[in-house]
Amino acid sequence: MVRLCPITQIGAVSLGIKPAELVKCSLPCLECFKEYNLLTYALARDFYLVYQPVLLQISLESPCIGEILQRLGYSLNVKQALSLLSERFLEGCPPEIGFFIGYPPKDVFGFMGYGGFSYVKTQGWRMYKPLSPSEKLYWQYKRAREVINQYHPSLCTTN
């Protein structure tokens, strides 16, 4: 079976713009991520978090993200945080995964139901007011994917 290669999804991670990306792929595809010096963490059901360890650590330690993750029971240690994320992922995709994959905190808070956030639209993820920072980040992520797609074949027969 031929499918889109998961490498086509990780442009922003491989270029150091985004801490992580959630991808669905089979084990043979995981070898491709090594080419980009990225780590993978198995969540569940062929879902993996592909991440830059340093960027993910910085993201987890940022004041607003770190505080809310700790309130949700997470450690600020990457490996421990990923372990709990994996446990929660077994029950469904937890909304706090947005913090791990580089969504703006205001958008993750809004999606989690915290008051004071007004939904505007969905473009890559659910965006809340103010819209401008979210759109700017979305286009950075999109451009990074396009860069990687220029240098990597988009079809893969390994997954």
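The values are calculated or read from the model by the stated rules, or taken from the named source; none is laboratory data. Every value quoted in this text rests on a predicted model; they were computed, and no experiment measured them. So basically every Cβ, Gly included, is an ideal-geometry build from the backbone, and we count neighbours across all protein chains shown. Remember, those area values only see protein heavy atoms, side chains included, never the ligands or the DNA or RNA. Shrake-Rupley method; radii C 1.70, N 1.55, O 1.52, S 1.80 Å.
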- Message: Could you go through region 23-37 and let me know if any residue there is exposed (fewer than 14 other Cβ atoms within 10 Å of the Cβ), over 15 Å from the mean Cα position of the chain (by Cα) and hydrophobic (A, V, I, L, M, F, W, C).
- Response: yes
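Residues checked against (1) at pLDDT below 95; (2) polar (S, T, N, Q); (3) loosely packed, with under 15 Cβ neighbours inside 10 Å:
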site	(1), (2), (3)
LEU85	no, no, no
GLU96	no, no, no
ILE101	no, no, no
ASP107	no, no, no
PHE111	no, no, no
VAL120	no, no, no
SER134	no, yes, no
ARG143	yes, no, yes
- Task: Report yes if GLU91 is of a type in the set (D, E, K, R), under 15 Å from the mean Cα position of the chain (by Cα) and not in a helix (DSSP H, G or I), otherwise no.
- Result: no
- List, please: which pairs have Cβ atoms under 6 Å, are six or more places apart or on different chains, and start with a residue in region 30-47 that is under 14 Å from ARG88 (Cα atoms) and end with one that is aliphatic (A, V, I, L, M) and surrounded by fewer than 14 Cβ atoms within 10 Å (Cβ to Cβ)? ALA44/LEU90
- Query: For residues in region 111-126 being under 19 Å from CYS64 (Cβ atoms) and hydrophobic (A, V, I, L, M, F, W, C), which is nearest to the chain's Cα centre (by Cα)?
  - Reply: TRP125
- Note on the structure: Per the filter on region 122-132, residues assigned to a helix (DSSP H, G or I) and either aliphatic (A, V, I, L, M) or open to solvent by less than 60 Å² (accessible area, probe 1.4 Å) (or both) are LEU131
- Is it the case that region 65-75 has a residue that's of a type in the set (Ser, Thr, Tyr), surrounded by 12 or more Cβ atoms within 10 Å (Cβ to Cβ) and in a loop (DSSP other than H, G, I, E, B)? yes
